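One structure below.
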Amino acid sequence: GTSGSLPDAVLLRELGAPAPGACEGALSGSLVAGEPLRSGTVRHDRGTLSGPEDVLVVARLTPELVTELPPLGAIIAERGSPLSHAVVLARERGLTTVIRARGACEGLAEGCLVSITASGEVRVIEEG
């Protein structure tokens with residue numbers, strides 16, 4: 001676990017929390033590697049990754065996951081530490097990485113189009 005030196009991400013919604021899998025609102029996390037992303041398509045299964053426009057959403061970031069991934073737009077993880085081995089590997093690969101995006105697995109449905117800001121906010125652009 002982490003010591004919690006950075007605050008946990010907070011799920012932001014204008015009108016309350018949507019049903020799981022809804023594509024609306026934004027998630028706040030920490031951008032710890034790579035550059036902001038203009039747009040990418042949410043994928044929850046590594047087997048469905050098809051190219052650099054995909055954004056993989058996972059519960060936990062691991063070194064094995066980072067090293068086995070094909071080229072993709074970004075990875076969003078609900079848990080992770082900015083000093084973890086997985087984040088160091090993501091930085092080395094230039095992989096845009098957001099950690100501590102609590103609620104991402106349920107809040108970002110497969111096929112949503114998202115953008116990632118320099119502050120780590122994940123915004124839904126379009127439903128999938």
What FRET efficiency would be calculated for the residue pair THR48, SER119, taking the C-beta separation as r and a Förster radius of 25 Å, to the nearest 0.05? 0.35
Selected from LEU37, GLY80, GLY47, residue furthest toward positive end of dipole (region 29-105; charges at beta carbon): GLY80
Over region 40-116, with the other protein chains present, what is the accessible area per residue in square angstrom, probe 1.4 angstrom? 41 Å²
Distance in nm between pseudo-label sites at ARG38 and VAL88 (7 Å out along the Cβ direction from Cα): 3.4 nm
Ignoring ligands, DNA and RNA, what percent of the accessible area of region 43-128 is carbon or sulfur (1.4 Å)? 51 percent
Given region 29-123 reduced to its alpha-carbon atoms as identical point scatterers, what log10 I(q)/I(0) does the Debye formula return at q = 0.12, 0.14, 0.18, 0.25 Å⁻¹? -0.28, -0.39, -0.67, -1.47
Per 0.36 nm of contour for each residue apart, how much would the distance between GLU64 and GLU126 grow if the chain were fully extended, relative to their Cα-Cα spacing? 19.3 nm
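The values are calculated or read from the model by the stated rules, or taken from the named source; none is laboratory data. Nothing here was measured: the structure is a model prediction, and the numbers come from that model. Positions of Cβ are backbone-derived with ideal geometry, glycine not excepted, and every protein chain shown enters the neighbour counts. Side chains included, ligands, DNA and RNA excluded: accessible areas come from the protein's heavy atoms. Shrake-Rupley method; radii C 1.70, N 1.55, O 1.52, S 1.80 Å.
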